[in-house]
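S.K.: Would you mind keeping the following structure in view while I ask a few things?
Just so it is clear, none of the values below were taken in a lab; they were calculated from the coordinates. Since the model is a prediction, treat every value here as computed from it, not as a measurement. Note that we place each Cβ from the backbone using ideal geometry, even for glycine, and neighbour counts take in every protein chain shown.
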Amino acid sequence: MMKLYFDGACVPKNPGGDIGIGFWVEDENGKQIYSYSKFIPRSSFSTETSNNVAEYLALKQGLEYCSSKGITELEVFGDSKLVIEQMSGNWRIKKGIYLPYAEQTKAWIGEYTKIQFNWIRREKNTIADDLSKRDIPTELLNEMEMYKK
């Protein structure tokens, strides 16, 4: 079964920052066959942004890509417990900034005959994490580090 790894970032602050998304796809043999990253400035959104919004956008983009390539069975991996549990149907999608993005992403699940969601530790998702930050301007990443201190 093909595998999809995803991650999102909201920088330099969360909530209210710019968004970075990334995902990569691995074939049945463990070979990376596609990777994607994108920076989406805060000004592109008419609503608030957050890390959960970024996570959902990354997953949605990955699901759209896999569907467009005719992939019907997919194993999904992410380090956002919220996203994985909500997409698995274990947690309800209630309210929050991320709500419309969660609903849009959930709609893509029907494109697959078999789909499984797996939560993984952040340390096991470094490629997707790097992709989510790859196109973010360096000054925003540096500013994010200042917020952490």
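S.K.: So what is the relative contact order of the chain, in percent, for Cα pairs below 8 Å that sit 6 or more residues apart?
M.R.: Relative contact order here is 34 percent.
S.K.: Would you mind ranking ILE93, ILE33, ILE115 by Cβ crowding within 10 Å, fewest neighbours first? Mind dumping the intermediate values first?
M.R.: On the way: ILE93 16, ILE33 12, ILE115 21.
Ordered by Cβ neighbours within 10 Å, fewest first: ILE33, ILE93, ILE115.
S.K.: Given Cβ point charges of +1 (Lys, Arg) and -1 (Asp, Glu) and nothing else, what value in debye, to the nearest 20, does the dipole of region 1-76 about its Cα centre take? Intermediate values should be presented prior to the final figure.
M.R.: On the way: 7 positive and 10 negative charges, 57 e Å.
Dipole of region 1-76, to the nearest 20 debye: 280 debye.
S.K.: Another question, then. Which is farthest toward the positive dipole end of region 2-142 among PRO100, TYR34, ILE71, measuring Cα position about the Cα centre, with Cβ charges +1 (Lys, Arg) and -1 (Asp, Glu)?
M.R.: Positive-end residue among those listed: PRO100.
S.K.: Relative contact order for region 1-71: what is it in percent, counting Cα pairs under 8 Å that are at least 6 residues apart?
M.R.: Numbers: 131 pairs, mean separation 25.6, N = 71.
Relative contact order of region 1-71: 36 percent.
S.K.: Report the local net charge at TYR34: Lys and Arg +1, Asp and Glu -1, summed over other residues whose C-beta lies under 10 Å from its C-beta. Display every interim value, and only then the final one.
M.R.: Details: positive: LYS69; negative: GLU26, ASP27.
That sum, taken over residues with Cβ under 10 Å, equals -1.
S.K.: For the residue pair GLN104 and ARG122, what label-to-label distance in nm results when each label sits 7 Å from Cα along the Cα-to-beta-carbon direction?
M.R.: If labels sit at GLN104 and ARG122, their model points lie 2.6 nm apart.
S.K.: How big is the charge dipole of region 8-149 about its Cα centre, in debye rounded to the nearest 20, if each Lys and Arg gets +1 on its Cβ and each Asp and Glu gets -1 on its Cβ? Don't skip to the end; give the middle numbers.
M.R.: Working: 19 positive and 20 negative charges, 88 e Å.
For this selection, approximately 420 debye.
S.K.: Once fully extended, how much extra length lies between ASN142 and GLU28, figured as 0.36 nm per residue of separation less the alpha-carbon to alpha-carbon distance? Let's see the in-between values first.
M.R.: Values: separation 114, 0.36 × 114 = 41.04 nm, distance 3.72 nm.
Additional length available on full extension: 37.3 nm.
S.K.: Taking the Cβ of VAL25 as the centre, find all other residues whose Cβ is under 13 Å away and add up their charges (Lys, Arg: +1; Asp, Glu: -1).
M.R.: On the way: positive: LYS3, LYS31, LYS69; negative: GLU26, ASP27, GLU28, GLU64, GLU73, GLU75.
Every neighbour counted, the sum reads -3.
S.K.: Name the shape class, rounded, prolate or oblate, that the alpha-carbon gyration tensor gives for region 2-142, where a ≥ b ≥ c are the square roots of its eigenvalues, rounded holds for a/c under 1.5, and otherwise prolate holds if a/b is larger than b/c and oblate otherwise. Display every interim value, and only then the final one.
M.R.: Working: a/c = 1.77, a/b = 1.27, b/c = 1.39.
Because a/c hits 1.5 or more and a/b fails to exceed b/c, region 2-142 counts as oblate.
S.K.: While we're looking at this one, here's another question. Can you list the lysines whose alpha carbon sits under 21 Å from that of LYS3, skipping same-chain ones fewer than 8 residues off?
M.R.: LYS31, LYS38, LYS60, LYS69, LYS81, LYS106, LYS114, LYS124, LYS133
S.K.: Another question about this same structure. Determine, for LEU141, LEU82, LEU131, LEU59, the number of other Cβ atoms within 10 Å of each Cβ, and report the residues in order from fewest to most.
M.R.: On the way: LEU141 14, LEU82 18, LEU131 25, LEU59 28.
Exposure proxy ranking, most exposed first: LEU141, LEU82, LEU131, LEU59.
S.K.: Next up: For ASN14 and SER44, FRET efficiency with R0 = 22 Å and r from the beta-carbon atoms, rounded to 0.05? Please report the intermediate quantities before stating the final value.
M.R.: Values: r = 17 Å, r/R0 = 0.75.
Computed FRET efficiency for SER44 and ASN14: 0.85.
S.K.: Same structure, new question: Using 0.36 nm times the number of residues separating GLU75 and SER35, minus their current alpha carbon distance, what extension gain do you get?
M.R.: Working: separation 40, 0.36 × 40 = 14.40 nm, distance 1.58 nm.
Once the chain is fully extended between GLU75 and SER35, it gains 12.8 nm.
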